[in-house]
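Beneath this line is the structure, given in structure tokens, with notes to follow.
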Amino acid sequence: MRTAFINQLVEEARKDEKVFLIVGDLGFSVVEPFANAFPERFLNAGVAEQNMTGIAAGLAMEGYTVFTYSIANFPTLRCIEQIRYDICYHNLNVKIVSVGGGYAYASLGASHHATEEIGMLRTIPNLIVSAPGDPIEAKAITRLLVKDKRPSYIRLGKAGEPIVHSGINNFTIGDGLCLHKGDQTAILTTGAMLKYASDFIQNNKLNFGLYSFPFIKPMDAIMLKQISQSYQKIITLEEHQRSAGFGSAVLECLHDLIEQKKINSIPYVKRIAIPDKFISVAGSQDHLRNLSGLILNTHN
């Protein structure tokens, strides 16, 4: 995903001389295409992510579309105050990009696990929150957010995530994506769990619907309304804490639809997410996902 993002950002920067990239002392072997093509619009802020965020806010005030980029927990959890006050309070054109969301940096321990940031960021006013599910979604979201002037967050995987979509058409900010419809059960995912859900359905020959929600905020209430009227059961799947994450946002949106009298009832909703604990062992991303219970089975 990170390569797809950088390649798309280079493409957008060729068309828009205001696109600026700041990194927090990482991205080597990834960000060079941008740095080499636009050295005057590239800055390595070093291991100083809070300062990086303040610099981004200043550049945005001067008319730039600024992307900050670092390992997922560092430009988010470490910078939550700067994101709230420097960027979102002033509604500035800064895009916070995290690489390695969830357990992508599993071998480096809890200090490098970004498993709470969606819940924290989606409560901040003015901020768009996105988590593409594959490289196709990552490129599409990058294109959209370069043109949109609002503050935004993009949660990327690390590297090597396979393509799931054959293509995306007529995609706008806040849209969900239907990969295929099913019978009684629908799986809703956000971020890099999309491929796992797709493989699970295919390998078990299940007639489940599969939907990707690359935007957690704003959420596609129209699609959720259609899903709630078409299925008896919804399973939400995310590589994030159960509290305040994607599944919570789905439940909130469904209850809002009830309150607005746009639907009459809500299907049974099962949330598969990280429980309220830290994973204190090192291992592969799949190993930590299994330890956290991020597992679909035919009894879900």
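The values are calculated or read from the model by the stated rules, or taken from the named source; none is laboratory data. A quick note: this is a predicted structure, and the numbers were derived from the prediction, not measured. Every residue, glycine as well, gets a Cβ built from its backbone with ideal geometry; the counts of neighbours run over all protein chains shown.
If I filter segment 77-91 for residues that are in contact with a helix residue (DSSP H, G or I) (Cβ under 9 Å, 6 or more places away or on another chain), within 30 Å of residue 193 (Cα to Cα) and not in a helix (DSSP H, G or I), do I get at least one hit? Checked segment 77-91: no residue is in contact with a helix residue (DSSP H, G or I) (Cβ under 9 Å, 6 or more places away or on another chain), within 30 Å of residue 193 (Cα to Cα) and not in a helix (DSSP H, G or I).
Evaluated against (1) free of Cβ contacts under 8 Å to residues at least 24 places away in the same chain; (2) surrounded by 22 or more Cβ atoms within 10 Å (Cβ to Cβ), residue 238 falls short on exactly one condition, (1).
Within segment 160-195, restricting attention to residues that are under 11 Å from residue 134 (Cα atoms) and of a type in the set (Ser, Thr, Tyr), the residue that is surrounded by the fewest Cβ atoms within 10 Å (Cβ to Cβ) is 166. Note on segment 66-79: residues that are surrounded by fewer than 24 Cβ atoms within 10 Å (Cβ to Cβ) and hydroxyl-bearing (Ser, Thr, Tyr) total 0. Which residues, taken from segment 168-191, are under 19 Å from the mean Cα position of the chain (by Cα), outside any strand (DSSP E or B) and at pLDDT 95 or above? Across segment 168-191, the qualifying residues are 171, 172, 173, 174, 175, 176, 190, 191.
The requirement of being part of a strand (DSSP E or B), within 25 Å of residue 180 (Cβ to Cβ), of a type in the set (Phe, Trp, Tyr) and in contact with a strand residue (DSSP E or B) (Cβ under 7 Å, 6 or more places away or on another chain) is fulfilled somewhere in segment 260-277, by at least one residue.
Do we have any residue at all in segment 150-167 that's within 20 Å of residue 26 (Cα to Cα), at pLDDT 95 or above, in a helix (DSSP H, G or I) and not basic (Lys, Arg)? No - not one qualifying residue is present in segment 150-167.
I'd like the full set of residues that are within 29 Å of residue 162 (Cα to Cα), surrounded by fewer than 16 Cβ atoms within 10 Å (Cβ to Cβ), small (Gly, Ala, Ser) and without any contact (Cβ under 8 Å) to a residue 24 or more places away in the chain, limited to segment 25-53. Within segment 25-53, just 29 meets the criteria. Return the total of residues in segment 107-118 being part of a helix (DSSP H, G or I) and either touching a His at 6+ places or on another chain (Cβ under 7 Å) or under 10 Å from residue 77 (Cα atoms) (or both). So the answer is 2. Within segment 5-24, the residues that satisfy the criterion of being surrounded by 15 or more Cβ atoms within 10 Å (Cβ to Cβ) and either in a loop (DSSP other than H, G, I, E, B) or at pLDDT below 95 (or both) are 18, 24. Entry remark, segment 276-300: residues being closer than 19 Å to residue 196 by Cα and exposed (fewer than 14 other Cβ atoms within 10 Å of the Cβ) number 8 in total. Restricting attention to segment 217-235, the residues being in contact with a strand residue (DSSP E or B) (Cβ under 6 Å, 6 or more places away or on another chain) and either surrounded by fewer than 16 Cβ atoms within 10 Å (Cβ to Cβ) or under 14 Å from residue 254 (Cβ atoms) (or both) number 5. Taking segment 118-131 on its own, how many of its residues are over 20 Å from residue 19 (Cα atoms) and either modelled with pLDDT under 95 or touching a strand residue (DSSP E or B) at 6+ places or on another chain (Cβ under 7 Å) (or both)? Final tally of qualifying residues: 5. One residue is enough: does segment 236-244 have a residue meeting the conditions under 25 Å from residue 121 (Cα atoms), of a type in the set (A, V, I, L, M, F, W, C) and part of a loop (DSSP other than H, G, I, E, B)? There is at least one residue in segment 236-244 that is under 25 Å from residue 121 (Cα atoms), of a type in the set (A, V, I, L, M, F, W, C) and part of a loop (DSSP other than H, G, I, E, B). For segment 85-106, residues that are out of contact with any strand residue (DSSP E or B) (no Cβ under 6 Å at 6 or more places or on another chain) and over 14 Å from residue 74 (Cβ atoms) total 9.
Here segment 25-55 is the region considered, the condition is being acidic (Asp, Glu) and assigned to a helix (DSSP H, G or I), and the residue that is farthest from residue 2 (Cα to Cα) is 40.
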